[in-house]
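Peer 1: Sending over a structure as structure tokens; questions will come in a sec.
The values are calculated or read from the model by the stated rules, or taken from the named source; none is laboratory data. This is a predicted model, so every value here is computed, not measured. When we count neighbours, we look across all protein chains shown, and the Cβ atoms used for this are built from the backbone with ideal geometry, even at glycine. Surface accessibility is based on the protein's heavy atoms, side chains included, excluding ligands, DNA and RNA. Shrake-Rupley method; radii C 1.70, N 1.55, O 1.52, S 1.80 Å.
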Number of protein chains: 2
Amino acid sequence: MAVNTQFSIAVHILAASGCCRGEGTTTGKFALSVNTSPSFVRRVVSKLSKAGLLKTTTGKSGSCGLAKDAKMISLLDIYRAVDAPKAFSIHNYPEQKPCLVSCHIKASLEKALKKTQKAMEESLSEISLASIVTEVNKK
Amino acid sequence: MAVNTQFSIAVHILAASGCCRGEGTTTGKFALSVNTSPSFVRRVVSKLSKAGLLKTTTGKSGSCGLAKDAKMISLLDIYRAVDAPKAFSIHNYPEQKPCLVSCHIKASLEKALKKTQKAMEESLSEISLASIVTEVNKK
DNA sequence: CATAACTGTTACTATATTAGTCACAGTTTA
DNA sequence: TAAACTGTGACTAATATAGTAACAGTTATG
């Protein structure tokens with residue numbers, strides 16, 4: 001379970017908010033659709049709301065709706081909103097002085113992986129929520 | 001700790017194997033350099049060995065050495081050798097029949113994320129172990 | 001005005017993945 | 001034959017994440 005699924009849950013919630021206009025788009029309904037607890041959904045919704053992707057109204061008959069056009073929301077926006085962990089993590093440890101590798105590998109690796117992270121984020125930025133919604137509706 | 005650091009440790013080990021020719025490249029030495037236990041290093045070494053990236057000799061004065069030229073080893077090779085987790089994981093749950101999104105989102109998302117995973121792997125394949133070694137030696 | 005039905009948030013528990021440790025079998029050199 | 005390696009398996013510890021419950025705050029509606 002130690003794998004972050006918030007990103008995919010977030011996409012699900014946003015897609016549902018985009019598709020099911022009119023019907024009750026509440027965290028309770030989402031929880032059923034995603035098959036998790038309303039509380040967990042609310043936690044994700046809260047992040048999306050703070051990131052300006054989702055607009056929520058409180059009170060009775062409160063609901064969730066996209067804050068902007070689905071075309072204007074990329075998967076990268078969602079990725080950042082839930083602040084998913086980096087693709088790679090570099091192990092951290094004190095440098096062992098006599099060892100050249102031990103002292104310098106971290107910087108070298110970080111530099112290299114920054115490129116990879118960027119490649120991934122660029123790819124995410126090219127996929128819009130709208131394309132996901134279209135795909136879902138097509139079937 | 002539920003973050004996979006084996007990849008970066010693997011790179012460290014391979015870099016050390018490339019740099020420190022001659023000196024004792026044993027799992028014990030690596031453990032000091034990486035600041036972890038010899039046993040854990042051996043587990044990673046074992047994977048790298050099976051993947052054909054590292055050549056080990058057993059017995060007294062056994063050691064580790066690159067199985068091929070550092071130029072011929074990409075970070076993608078290493079990534080695959082330690083079988084690091086995918087960049088994204090899609091949450092799994094039973095489909096909720098009446099909900100269109102619940103039934104179709106998974107396939108749509110998988111398709112989209114496959115692109116991203118591929119972008120990441122392509123980026124990794126463009127970085128060679130040799131470039132890391134050069135970087136380390138430069139300093 | 002009271003109640004019902006939402007969101008937003010905190011605190012706590014359960015679970016799964018990963019690293020760390022120990023132990024020992026197998027191998028090879030001296 | 002002993003010493004010093006690799007290779008593995010079993011077990012424990014640490015930690016990130018999901019799951020759960022409880023409650024405060026908000027708003028529509030009778």
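Peer 1: Provide an ascending nm list, one decimal, of label-point separations from residue B:93 to the equivalent residue in each further copy; define each label point as 7 Å from Cα along Cα→Cβ.
Peer 2: Distances between equivalent label points, in nm: 3.9.
Peer 1: Equivalent-ellipsoid semi-axes (√(5λ), Cα gyration tensor) for the protein assembly as shown, whole Å, largest first?
Peer 2: 45, 17, 16
Peer 1: Given DSSP loops and a limit of at most 16 other Cβ atoms within 10 Å, what is the longest stretch of chain B that contains no such GluC sites (Glu not before Pro)?
Peer 2: Between exposed loop sites, the widest span is B:24-94.
Peer 1: Which entries in the list B:55/B:86; B:55/B:111; A:60/A:86; A:111/A:138 go over 32 Å, if you measure between the two C-alpha atoms of each?
Peer 2: Where the Cα-Cα span goes over 32 Å, the pairs concerned are B:55/B:111; A:60/A:86; A:111/A:138.
Peer 1: Could you give the semi-axes, largest first, of the ellipsoid that matches region A:6-138, computed as the square roots of 5 times the alpha carbon gyration tensor eigenvalues and rounded to whole Å?
Peer 2: Semi-axis lengths for region A:6-138 are 38, 17, 11 Å.
Peer 1: Compute the label-point distances linking residue B:38 to its equivalents in the other copies; points lie 7 Å from Cα along Cα→Cβ; give nm, one decimal, shortest first.
Peer 2: Values, ascending and in nm: 5.8.
Peer 1: Could you sort B:72, A:120 by accessible area so the largest value comes first, with the probe set to 1.4 Å?
Peer 2: Descending accessible area places them as B:72, A:120.
Peer 1: What are the label-to-label distances in nm, one decimal and shortest first, from residue B:65 to the same spot in the other copies, with labels 7 Å along Cα to Cβ?
Peer 2: Spelled out, the distances from residue B:65's label point are 7.0 nm.
Peer 1: A further question on this structure: On average, how many beta carbons from a partner chain sit within 10 Å of the beta carbon of a residue in A:26-33?
Peer 2: Taking all residues of A:26-33 together, the mean is 2.
Peer 1: Round to the nearest 0.05 the FRET efficiency obtained for residue A:61 and residue A:125 when R0 = 45 Å and r is the Cβ-Cβ distance.
Peer 2: Given R0 = 45 Å and the Cβ-Cβ separation, E is 0.80.
Peer 1: Which listed residue (A:112, B:8, B:32) has the Cα farthest towards the positive end of the charge dipole for the protein assembly as shown, taking +1 on Lys and Arg C-beta and -1 on Asp and Glu C-beta about the Cα centre?
Peer 2: Final value for the positive-end residue is B:32.
Peer 1: Testing the spin-label approximation: label points 7 Å from Cα along Cα→Cβ at residue B:107 and residue B:86. State their distance in nm.
Peer 2: Those two pseudo-labels are separated by 1.6 nm.
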